Amino acid sequence: QQLSTKAASTIYTRLQKAVPAADDDTCVCPHGMSTATEDELRRVGLSLSKVRSMKELSSRFIAGTLSDDILAAVDDIAGLEALLLDVRGIGPWTTQMFAIFFLRLPDVAVTGDLGVRKGCAKIYGLSSLPTPKAMEAIVESWSPHQTLGACLCWKAADLKPSP
């Protein structure tokens, strides 16, 4: 579910108000997510599929099969995928973004993200967007710095052409 930054921020603020937080925290906690009803979560602006994904993820944290410590110990994308890809609603893109922005892994191949593909086309002067399959060959040459390559592509995609 792609959202503008403003829309995402609004939904998260509503979620923080609707879902009980941990004792001394303002973050949405797994227990709070587990006690909130689907209707309550839908009213803050979450899609039904997002609600169900978040509830499943929360239940795994409560059960202890996932935790901050377990996730923090992951040092490669394959390990992260082994933990997360069977969670409802979490796919390769989500694991890649988590690996880059939370685990800060340096060599994450991002091949399906539209922004990365647009930036790559711009950087390489391609007449059309590379397919995710074509991106696999391109990003392989960036290893062991594929994350940096993705960030540069995002930046390039945001740049406006000069007159």
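Structural remarks
- Among the residues of the stretch 55-89, those identified as among the β-branched types (V, I, T) and either open to solvent by 30 Å² or more (accessible area, probe 1.4 Å) or touching a Gly at 6+ places or on another chain (Cβ under 8 Å) (or both) are I62, T65, I70, I77.
- Cβ-Cβ contacts under 6 Å between residues 6 or more apart (or on different chains), taken from a first residue in the stretch 48-65 that is free of Cβ contacts under 8 Å to residues at least 24 places away in the same chain to a second residue that is surrounded by fewer than 15 Cβ atoms within 10 Å (Cβ to Cβ), are listed as V51/E38.
- Once the stretch 134-148 is narrowed to residues that are without any contact (Cβ under 8 Å) to a residue 12 or more places away in the chain and part of a helix (DSSP H, G or I), the residue that is most open to solvent (accessible area, probe 1.4 Å) is A137.
- Checking each residue in the stretch 15-54 for being small (G, A, S) and open to solvent by 60 Å² or more (accessible area, probe 1.4 Å) picks out only S49.
The values are calculated or read from the model by the stated rules, or taken from the named source; none is laboratory data. The shown structure was predicted, so the numbers you read here are calculated from the model rather than taken from an experiment. All Cβ positions, glycine included, derive from the backbone under ideal geometry; neighbour counts span all protein chains shown. Protein only, heavy atoms only, side chains kept; ligands, DNA and RNA dropped before computing areas. Shrake-Rupley method; radii C 1.70, N 1.55, O 1.52, S 1.80 Å.
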